[in-house]
Structure formats: structure tokens, C-alpha cells
Amino acid sequence: MINIIGLGPGNIGYCTKLGEKLIYNSDIIIGGRRNLETITNFKGKKIELNTNLKEIVEYIKNNKEQNISVIASGDPSIYGIGKYLSNNFDKSDLNIVSGISSMQYIFSKICVDMNDLYITSSHGKSPDFDYILNHKKVCMVTDSKIGPKEIAKEILKRNLDRVMIVGENLSYDNEKITIAKPSEIIEIEKFDMNVVVILDEK
């Protein structure tokens, strides 16, 4: 069985008890450097996940007799590695353990419900902003190419009345949540690792 475990938004305290138990019972854990650093006092082998996911798939297939856990930020089924691994392994071989996503986390912090929420991402694609901004409540996982400032410009281009909430380094000690109008967002010089919420102005 291959475990795919969501660690939560970053702080290990948000990992579920089940996820933590499975991790520490593993022979091997595979994950990004930042994620691996959060797992302390682990007696097994740690393998850093790089951009060549095909190599990781081959490694897992060649070591299936081992108890392997792949760890990921947030929830692996929300714009995470869960989809990729599900496409490369029989689903009967997988055990996906949900985590708290950065999207869930930021909505809890701003005390706004997630009902009728449109969820999307800008990772590796060109978002259809006409479609996205037709929704009254949006949450977008961003990347280095399309982040808060680019989203703000798209909102202003359409003369829409929206409020933006930008969550940076969520759940970490340097967490920062900015609530502002798009015209104010474009004036901010830099944003760290973030997720963006777009709401109708109220």
C-alpha cells in the first residue's frame, strides 16, 4: 500500500493524527524538502521529491514491498500530487489521507464559508479570467507567473467591484493575510508563497 498524505497548509500541527501515525510507521517517506524538514525524529529513509515525477513513480514501483508514504502540503487531492499518482498506480494500491488545504485554512482565518466556492489554480496554465471572475466567490492557488498582482489587473481591466484576500506562508510563523482592493494589491511590491481569495465587494 502506498500512502499519499496531506500534511496540511504547512505547520505540522495541522496534520491529522492518522496521517502522522502512517508517516512514522513508514519505511520510506517521499516529499518536497520543506515538507521533509517538518518530519523530525523519523527512523526510516527520506527521499526528496524533485520535478522528475516519473523517476519517483519508478522508484515506488521497484520498492513496493516497502511501506512508502508520499507527503504533500495541504490536501493531495486539491491541486496536489494525488491526481498524478492516481493516474500512475492502481487505485487499489493507494491510500489517500486528506489534509487541510491552504484554501480551507484561509477561509477559516477570515471567517467566510466555502459554500458555492469556485476553486482553481494558475499553476502551469493560463486561467480563463472571464469565466473565473463570473463567480462571486473564488479561491485560486497561484504560482510565480500569475499571482495576486496579475489577478488584480484582470479584475481592474473588467471594472469589477471585488475584494481580494491574499494569504502568504499560511500556518507558518511568518503568516500574513492581506485584505484589500485590487487597486491596492497592485501597489504591493512582493508576495511570498500565497493563495488568493476573490469576493464580491460588500
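The values are calculated or read from the model by the stated rules, or taken from the named source; none is laboratory data. Here the structure is a predicted model, which is why all the values come from computation and not from measurement. No Cβ is skipped: glycine too gets one built from the backbone with ideal geometry, and neighbour counts run over all protein chains shown. Just the protein is used for accessible areas: all its heavy atoms, side chains included, with ligands, DNA and RNA removed. Shrake-Rupley method; radii C 1.70, N 1.55, O 1.52, S 1.80 Å.
Counting only C-alpha contacts under 8 Å and six or more residues apart, can you give the relative contact order of region 80-202 as a whole percent? Don't jump to the answer; show the numbers that get you there.
On the way: 156 pairs, mean separation 30.0, N = 123.
Averaging sequence separation for qualifying contacts and normalising by length gives 24 percent for region 80-202.
In region 124-202, which GluC sites (Glu not before Pro) are in a loop and have at most 13 other Cβ atoms within 10 Å, using DSSP for the loop call? Kindly include the intermediate steps, with their values, before the conclusion.
Numbers: sites: GLU150, GLU154, GLU168, GLU175, GLU184, GLU187, GLU189, GLU201; in loops: GLU175, GLU187, GLU189, GLU201.
Here the sparse-neighbourhood loop sites are GLU187, GLU189, GLU201.
Can you compute the equivalent ellipsoid semi-axes for region 66-149, i.e. the square root of 5 times each eigenvalue of the Cα gyration tensor, sorted largest first and rounded to whole Å?
Values: eigenvalues 145, 53, 28 Å².
Taking √(5λ) for each Cα gyration eigenvalue gives 27, 16, 12 Å.
Count neighbours as other Cβ atoms within 10 Å of each site's Cβ, and list the trypsin sites (Lys or Arg not before Pro) in region 108-141 that are DSSP loop with at most 11 such neighbours.
LYS125
In square angstrom, rounded to the nearest 10, how much accessible surface does HIS135 have for a 1.4 Å probe?
The value for HIS135 is about 50 Å².
With θ taken as phi - 60° and the coefficients 6.51, -1.76 and 1.60, list the Karplus ³J(HN,Hα) couplings across region 8-19 in order, rounded to whole Hz; mark glycine and proline as x.
Result, ordered by residue: x, x, x, 5, 4, x, 8, 6, 5, 4, 4, x Hz.
From the protein chains alone at 1.4 Å, what is the descending order of accessible area for SER77, SER102, SER171, largest first?
Numbers: SER77 80, SER102 35, SER171 10 Å².
I get SER77, SER102, SER171, largest accessible area first.
Please compute the length gained on full extension between ILE177 and GLU150, using 0.36 nm multiplied by the number of residues separating them and subtracting their Cα-Cα distance. Could the numbers behind the result be given before it?
Working: separation 27, 0.36 × 27 = 9.72 nm, distance 1.77 nm.
In short, 8.0 nm is gained.
How large, in percent, is the carbon and sulfur part of the accessible surface of the chain at a probe radius of 1.4 Å? Provide the component values of the computation, followed by the final result.
Values: 5180 of 11130 Å².
Taking all protein chains in place, the chain shows 47 percent carbon and sulfur surface.
Express the accessible area of region 46-132 per residue in Å², computed with a 1.4 Å probe while the remaining protein chains stay in the model.
Values: 4930 Å² over 87 residues.
Accessible surface, normalised per residue, equals 57 Å².
With every protein chain left in place, what is the accessible area of TYR84 in Å² (1.4 Å probe, nearest 10)?
Roughly 70 Å² of TYR84 is accessible to a 1.4 Å probe.
Which three semi-axes in whole Å describe the equivalent ellipsoid of the chain, each the square root of 5 times a Cα gyration tensor eigenvalue, listed largest first?
On the way: eigenvalues 233, 58, 42 Å².
Working from the Cα gyration tensor, I get semi-axes of 34, 17, 15 Å.
Using only C-alpha positions, report the orientation-averaged shadow area of the convex hull of region 1-106, nm², one decimal. Before the final figure, lay out the partial values.
On the way: hull surface 24.4 nm².
Reported value for the Cα convex hull: 6.1 nm².
Just need log10 I(q)/I(0) for region 129-197 at q = 0.17, 0.19, 0.20, 0.22 Å⁻¹, Debye formula, equal scatterers on the alpha-carbon atoms, no solvent, rounded to two decimals.
Each listed q maps to, in turn, -0.56, -0.70, -0.77, -0.93.
Please give the charge dipole size of region 1-58, origin at the Cα centre, charges +1 on K and R Cβ atoms and -1 on D and E Cβ atoms. Round to the nearest 20 debye.
Numbers: 8 positive and 6 negative charges, 31 e Å.
That gives a dipole near 140 debye.
May I ask what percent, to the nearest 5, of DSSP beta bridges between residues of region 1-106 are antiparallel?
About 5 percent, rounded to the nearest 5.
Show which lysines lie in cross-link reach of LYS61 when reach means a straight Cα distance below 25 angstrom and same-chain residues fewer than eight apart are skipped.
LYS21, LYS43, LYS45, LYS46, LYS83, LYS91
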